[in-house]
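Read the structure below first, then the notes.
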Amino acid sequence: MRVTVSLALFGLLSLTGLATAEDQPLHVLINNHLTPSTGDVSLCRDEEFLRRASLDLTGMPPTADEVRAFLADESPDKRTQVIDRLLASPQFTRHLATTLDLMLMERRSNTNVPQDDWYNWLLTSLRDGKPWNELAREILTADGDDKAMRPAARFYLDRQSESNLLTRDIGRIFFGRDLQCAQCHDHPNINDYRQADYHGLLAFLAPGYAVVRKETVKEGDKETTKEVTLYAEKAGNDLTFESVFNQGTLHRTGPRLFNDVVINEPFTYPGEEYEVAPADGVKSVPKFSRRSKLAELATDGTNRMFNENMANRLWAHMLGRGLVHPVDLHHIDNPPTDPELMTLLGERFSAMNFDIRGFIREIALSQTYQRPFDQSENVLAVASEAATTVAELEQERVTLEQTAQASAATYELALAAWNAAEAATIPVADELDTARKAYDEARKKLDEADAAVSKAQSELGQKQAILTPVELAATAAQTAIAKLPDDKELGAAAEKFAQRVKEITDAVAALKKALDEKTAAVAAPTEAFAAAKPPVDEAVTRLAPLNETLRLAERALLEARRQMRRDAVALASLDERLEIVQALAALPQLDQAIADSKATVATREAELTAAEQALNQHKSLMTERATAVASADAVVTMTTASLAEAQAALAKRIEDIKAVQTAAETAQTASDKLPDDTVLAEAAQKLKERSTALATEMGQFETAIETATEDVTSAKAVQQSATQMLEQAQAELPAHEQSAATAKTELIAAQEQVVQNQATFDAGMAELTQQFASDFTLASMKPLTPEQLCWSILKATGIYDRAWQAEAAEVEKATPLSDEQKQDPAQLAARELEIEQRTYNKLKGNLGAFIQFYGAAAGQPQGDFFATADQALFAANGGSVNGWVAPASGNVTERMVNAEQPTTAAEQLYLTVMNRHPSDEETQEVTAYLAGREADRATAAQELVWGLITSAEFRFNH
Amino acid sequence: MSISYACNTVEHGMARRSFLGTMAAGVGSLTGGLGAFLQPAIGEELMREQKRVVIWDMHGGISQLETWDPKPGTDTGGPFLSIPTSVPGIHVCELMPKTAQQMHHLCLIRGVDTNEDDHGLGRYKVTTGRKMTGAANDPQIGAVAAKALTPENYALPGHIMITPGGGGGRSNDSAYLGPKYSSVQLGNGKPPQNSLLPDTITVEHDAARQEYRRRQNERFLSRRRTATSEAYGYSYEQALQMMQQRDVFDVSKEPAKDQERYGTHDLGRHALLARRLLEHGTPVVKLSHSNYDTHHENFNFHIEQLGELDRAFSCFVEDLADRGMLETTLIIVLSEFGRTPKVNSRYGRDHWSHAWSVVMAGCRMPRGFAYGATNDNGTDVVDGRVDHANLFHTYLQGAGVDSTATFNIEGREVPLADPSSHPIEAILT
């Protein structure tokens, strides 16, 4: 399966000249752009592909049956088929809705919009195929007033409508730029993010606020009042800000998007800004909504940042990391892995009308998505050619650096010019503020005066209205009294009428006077109001050209910034490639170092052997010499003994001679006395002769002694010499021992060097492997989200499928499909959707614990991996996982228990949980594990399932 | 002084050996975090230098006038007298007699002005060293310190919060530093959640399944070793350590004599548990005392509350000093703010952030020192005015951490403390 093509460093070379033709499908363009750094263009194995695509597209792994079927499928386009099947499944939109929920809300608490409302709105939108820009526009313009669209307002409302928080999150989530640190000063670590960018975006959102409206709700006969929080908007002002590092220098900005100039906002006089003016419990509506403008500018398809942000996020969703990574740090010093591809993805996403499903499909079809997970074996072969590439890149770098420096300098100049233009504008803008304020006050005073006139008029009117009937009555009373002059009561009444007429007439006169006064009082504020207008107009007139200059300066600044950005990104991008190639180029040396140190070990081993041999030889020499000394000692002993013997013999002979002499003399004396005794004479003679003879033989004895003495001397000489030789050898021993020890130490050092070199090499390889995952040569390791982890365990333990079957049976029972309906794909799809929804509802209660342990904190990015002991304690000792792995109708544990052979159990286990066949080693291990556990096989099987579910291979998508 | 790294029980030794044995099999060379774990000797060495931070959080806003900065005999002073301490010239309120005797270890910061009288916002400022701007979500001092101080190979949680009531689980106090540095809660001093093997699983079977998990991991890691996959495997070893070292979290293992000394009330138990945790090398411990929000009956309430605090805190300081642990442990006593000098009609004091006190001891803090001063009746700072950002820098510097450095969080360079502020240089030794 693994096809190795040794097309060295293809991916590292310049991409110019590669096809970017309009008619090519996006996945082909992706393939062309991201060729593996190792030249190894092989794809991952089928079982890996199936697990990967299932987890990425549906949020859960495949079943064992799906794995078997896919492995057995021999059609050449089976991967495309799987991708399309998964994309069409109800779980795809479910998983996508969950993904977008996490991206947009980051597990913030639901204070104003219930989670279900929001989630279902997302889900329905995605099921209906709503394009991303439309979804985004609905979110960015939502105010929570329209019932149907209220869920969309959750983005604002559950951020408490806080404009700084919204600025940060809209910057991050919709534009890929985390401007947080630029709130109080230019970003300390990112040259690209300026305080003006933050406040420009804030200016779109600062007019927004939460308003609480009381609404009457009718439930049957009951009427209750409830409070509804809405997102309202006021008319906007310029924002002023200063850096905490450079206090005293004030800046001003109107609304503007990152990399754009301040928007052209229609001028309105104070008092004329609103369709609905702000008031307590009223959702104000300005004539010009900055927020709507923001939504329009972002989503009209031409905003590169908006387009590339989502393209990059969807890419990261599939590949485990963005072309720009982290996905909310698009900036100069953090270039895309491939800048051209980043541009292309943004353009294509926009061109395909922000169709999320279609875009994901293209990514899934690409070879890049299907790269293997295992470390390439081809690395060293490629590495040997890297040195040349390093030289080329370094050469290229010199030019790029110069260009980047030049454009950075140009940018600094443009920035200075813009600062100057801004400084010139600010006083006039401040004047306009003052004039507007004066105008607004004059207008209010005039309004008050007008209101006073109206009031006086109305009072007068009311009085006058009373006067006529009272006059009529008075006249009538007078007529009556003329006819009945004596009627006193009538007289009193007539008088009363007359009196009233007078009173009212007086009051009317007073009111007339008051009206005249109020009317006269209008003149001054009218005049003041009239006088307040020219300063406004004048300031507007004066400001216009200044603003225009500022706008021009800013356009120049932005152009300089774009150029600087392009150049800096090119340089940074080259540096990243250079880093990889350098690491690659270093590999052969590191590999050689291992070989060299191994050779040194061999040499040292030989040296040690030689030294040890020499030592041993020396030791035998010493033994020999000791033997020689011993034998010399023996000779000395022997010769000394011989000498003593000779001396003893001599002494005895002397005794004998003495005795014979004495006998001879005695015999002679006797012979002398008996001269004729011939026998005697003969005896005497013989004794004498004998004596003489003996005396003569004495010399021999002496000679013998001499010889013996000589022997002793010579033996002693030999002994001395032998002893000396031995001593000499003994003296030489430490030197031999020392060289053997030294040789040993050197060998150990050499061996350690091998280990160290190997470690350096391994570290280099690990680093490179990481780089290869970053440049998409290898597949990334994607930690499962808490939701994915939960669904995956439910799936692996059979709980999901069991719930599905139960729901399917219930639906079928309640509303059975006719045979005809069963042939209708639309009916079947609707049915599947319904079952999916019911299964989800049934099981979603399990998500909470996983989110609690595996989810990041509310309001934090949810993609960063972390592993903590409390998670492991939850998995090891908590109720969920331990409960789910128990044997139950047809789940993997039960199938293992029922398997006749342990090999079958192993097969079931690995196909279900790992979505692949077990290796021989794994089968043996399972067999060994189950051996001796016949009595509690279910428990043992449960332990094995637990062991795989908690292993790293399960925890990650790869 | 020598502090044992984790614990020295036989079981622990056995477990570690078996772990080493397992991991060594089939592992050519190790890179990354797990490698460090395999060298316990380094742990011992580091432990001697290991800096620790313990935070005493006085919930609700403790009165500076009834504690660290008394003003007896003035219109704002209240009924209590001030008493001399073990440091000539420094006086504290008479409600703190035992603590007064430990003053030679303490450093009082008397010119604190955090300019925020709302509980939530004030707490945010004091614990994160920053003003809450809405968009911000900053990590608390404990999480920052834990990230800076926890050794890579430290098996137990590096950041522990002893909560006054129930609770348990993981707090939400580390913001962008990630849940790894969030505090693990010991609800009312109880051991961590899920740290007991369920009855249904025998120790032997657990060992077997863990062993199988390890071998499976090793096979996977041999295909491609990454920091994340190693960290994941390591979290299970950490969990096992926590199960085996569950005693570390059990204050009843402390001598009865000490339990008596610290006091049998919650704060006493929690303080003793904090000592135990620090002795076992926990880098950051936080404990709280509630509730000082004395809008009514400020004085009666402080008599009662400070009785507990004085006893537990004085024992704690004394013990750490006796054990030589003050050289490496920074003690911080903070609150969201102080209380108004003006006594209200209900004999209460209200929220007051403009002239109050924070106390530190140990590490780089001067011993027996009072920095800053308020005026005669405590209504304003007249010397050494510091705010939350200065204090935050100082806490970190105090524990030997460069507060002007940045963390790299998944590619983001994030300053540890507000880059536009600075520590109180004058007191750092």
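I'd like the residue in segment B:267-292 that is modelled with pLDDT of 95 or more, farther than 26 Å from A:PHE874 by Cα and out of contact with any strand residue (DSSP E or B) (no Cβ under 8 Å at 6 or more places or on another chain) and, out of all such residues, is surrounded by the fewest Cβ atoms within 10 Å (Cβ to Cβ). Selected residue: B:ARG269.
Taking only pairs six or more apart or across chains, which ones have beta-carbon atoms under 6 Å, a first residue in segment B:172-191 that is more than 18 Å from B:SER235 (Cα to Cα) and more than 7 Å from every other protein chain (Cβ to nearest Cβ), and a second residue that is surrounded by fewer than 24 Cβ atoms within 10 Å (Cβ to Cβ) and among the hydroxyl-bearing types (Ser, Thr, Tyr)? Close Cβ pairs (under 6 Å, with a partner that is surrounded by fewer than 24 Cβ atoms within 10 Å (Cβ to Cβ) and among the hydroxyl-bearing types (Ser, Thr, Tyr)) amount to B:GLY187/B:THR163.
Counting only residues that are touching a residue at least 24 places away in the same chain (Cβ under 8 Å) and within 25 Å of A:THR240 (Cβ to Cβ), segment A:387-412 holds 1 of them. Just so you know, in segment B:332-368 the residues that are among the basic types (Lys, Arg) and part of a loop (DSSP other than H, G, I, E, B) include one that is farthest from B:THR76 (Cα to Cα), and it is B:ARG364.
Per-residue answers, yes or no, for (1) buried (at least 16 other Cβ atoms within 10 Å of the Cβ); (2) assigned by TED's automatic domain parsing to the domain that holds A:GLU527; (3) not polar (S, T, N, Q):
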residue	(1), (2), (3)
A:VAL428	yes, no, yes
A:ALA435	yes, no, yes
A:SER454	no, no, no
A:GLN499	no, yes, no
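Go through the residues of segment A:926-948 one by one and say whether even a single one is away from chain B (no Cβ under 11 Å) and either of a type in the set (Ser, Thr, Tyr) or touching a strand residue (DSSP E or B) at 6+ places or on another chain (Cβ under 6 Å) (or both). Yes, segment A:926-948 contains at least one residue that is away from chain B (no Cβ under 11 Å) and either of a type in the set (Ser, Thr, Tyr) or touching a strand residue (DSSP E or B) at 6+ places or on another chain (Cβ under 6 Å) (or both). Taken over segment B:406-429, the criterion of being within 12 Å of another protein chain (Cβ to nearest Cβ) and assigned to a loop (DSSP other than H, G, I, E, B) is satisfied by B:GLU410, B:GLY411, B:ASP418, B:PRO419, B:SER420, B:SER421.
Given the criterion assigned to a loop (DSSP other than H, G, I, E, B), within 22 Å of B:ARG367 (Cβ to Cβ), modelled with pLDDT of 50 or more and not small (Gly, Ala, Ser), identify the matching residue among B:THR67, B:THR99, B:THR74. Walk me through it before giving the result.
Values: B:THR99 fails: assigned to a loop (DSSP other than H, G, I, E, B); B:THR74 fails: within 22 Å of B:ARG367 (Cβ to Cβ).
Just one listed residue meets the conditions, B:THR67.
A single entry from B:SER229, B:SER252 fulfils the requirement of being surrounded by fewer than 23 Cβ atoms within 10 Å (Cβ to Cβ), assigned to a helix (DSSP H, G or I) and of a type outside the set (D, E, K, R): B:SER252. Give the residue that is farthest from the chain's Cα centre (by Cα), with candidates limited to residues of segment A:831-863 that are of a type in the set (Gly, Ala, Ser) and loosely packed, with under 13 Cβ neighbours inside 10 Å. Selected residue: A:GLY845. For segment A:757-767, the tally of residues that are polar (S, T, N, Q) and free of Cβ contacts under 8 Å to residues at least 40 places away in the same chain stands at 0.
Evaluate segment A:785-795: report whether one residue or more is among the aliphatic types (A, V, I, L, M), within 14 Å of chain B (Cβ to nearest Cβ) and assigned to a helix (DSSP H, G or I).
From segment A:785-795, those among the aliphatic types (A, V, I, L, M) are A:789, A:793-794; that's our starting set.
Filter once more, so that each one left must be within 14 Å of chain B (Cβ to nearest Cβ): A:789.
Pick out the ones that are also assigned to a helix (DSSP H, G or I) and you get A:789.
Yes.
In this structure, A:GLN724 qualifies as free of Cβ contacts under 8 Å to residues at least 12 places away in the same chain and not aliphatic (A, V, I, L, M).
In this entry, A:THR93 passes the filter for residues that are among the polar types (S, T, N, Q) and buried (at least 22 other Cβ atoms within 10 Å of the Cβ). Checking each residue in segment A:36-80 for being under 23 Å from the mean Cα position of the chain (by Cα) and hydroxyl-bearing (Ser, Thr, Tyr) picks out A:SER37, A:SER54, A:THR58. Taking A:ASP656 as the residue in question, decide whether it is in the same structural domain as A:ASP711 (by TED's automatic domain parsing) and either loosely packed, with under 13 Cβ neighbours inside 10 Å or modelled with pLDDT of 95 or more (or both). So A:ASP656 does not fit the description; no. Contact map, segment A:126-154: first residue within 23 Å of A:LEU230 (Cβ to Cβ) and in contact (Cβ under 8 Å) with a residue 60 or more places away in the chain, second residue among the aliphatic types (A, V, I, L, M) and outside any helix (DSSP H, G or I), Cβ cut-off under 7 Å, separation 6 or more or different chains; pairs are A:ALA142/A:MET149; A:ASP143/A:LEU230; A:ASP143/A:ALA232; A:GLY144/A:LEU230; A:ASP145/A:LEU230; A:ALA153/A:VAL113; A:ALA153/A:ALA142.
Of all residues in segment A:325-336, those satisfying the criterion of being of a type outside the set (Asp, Glu) and within 13 Å of another protein chain (Cβ to nearest Cβ) are A:HIS325, A:PRO326, A:VAL327, A:LEU329, A:HIS330, A:HIS331, A:ASN334, A:PRO335.
How about segment A:864-883: which of its residues are surrounded by fewer than 22 Cβ atoms within 10 Å (Cβ to Cβ) and more than 7 Å from chain B (Cβ to nearest Cβ)?
Within segment A:864-883, the subset surrounded by fewer than 22 Cβ atoms within 10 Å (Cβ to Cβ) is A:864-866, A:877-883.
Matches in segment A:864-883: A:GLY879, A:SER880, A:VAL881, A:GLY883.
Taking A:SER889, is it loosely packed, with under 14 Cβ neighbours inside 10 Å and more than 10 Å from every other protein chain (Cβ to nearest Cβ)? Show your work before the answer.
Working: loosely packed, with under 14 Cβ neighbours inside 10 Å: yes; more than 10 Å from every other protein chain (Cβ to nearest Cβ): yes.
It is true that A:SER889 is loosely packed, with under 14 Cβ neighbours inside 10 Å and more than 10 Å from every other protein chain (Cβ to nearest Cβ).
Assess whether B:VAL382 counts as being closer than 26 Å to B:TYR292 by Cβ, out of contact with any helix residue (DSSP H, G or I) (no Cβ under 7 Å at 6 or more places or on another chain), at pLDDT 95 or above and not in a loop (DSSP other than H, G, I, E, B).
yes
Of the residues making up segment B:216-233, those that are touching a residue at least 24 places away in the same chain (Cβ under 8 Å), more than 7 Å from chain A (Cβ to nearest Cβ) and touching a helix residue (DSSP H, G or I) at 6+ places or on another chain (Cβ under 9 Å) are B:GLU218, B:ALA227, B:GLU230. Strands (runs of 3 or more DSSP E) fully within segment A:226-315 that include at least 2 residues being closer than 27 Å to A:PHE174 by Cα and at pLDDT below 95: A:239-243, A:246-253. Looking at segment B:293-306, is at least one residue under 27 Å from B:ARG349 (Cβ atoms), within 16 Å of the chain's Cα centre (by Cα) and outside any loop (DSSP other than H, G, I, E, B)? No, segment B:293-306 has no match at all.
Have a look at A:HIS917, A:HIS958 and point out the one that is within 19 Å of B:ASN217 (Cα to Cα) and within 9 Å of another protein chain (Cβ to nearest Cβ).
Working: A:HIS917 fails: within 9 Å of another protein chain (Cβ to nearest Cβ).
Exactly one residue qualifies, and that residue is A:HIS958.
The values are calculated or read from the model by the stated rules, or taken from the named source; none is laboratory data. This one's a predicted model, so the numbers in the text were calculated from it and none came from an experiment. Using ideal geometry, Cβ is built from the backbone for each residue, glycine included, and neighbour counts are taken over all protein chains shown.
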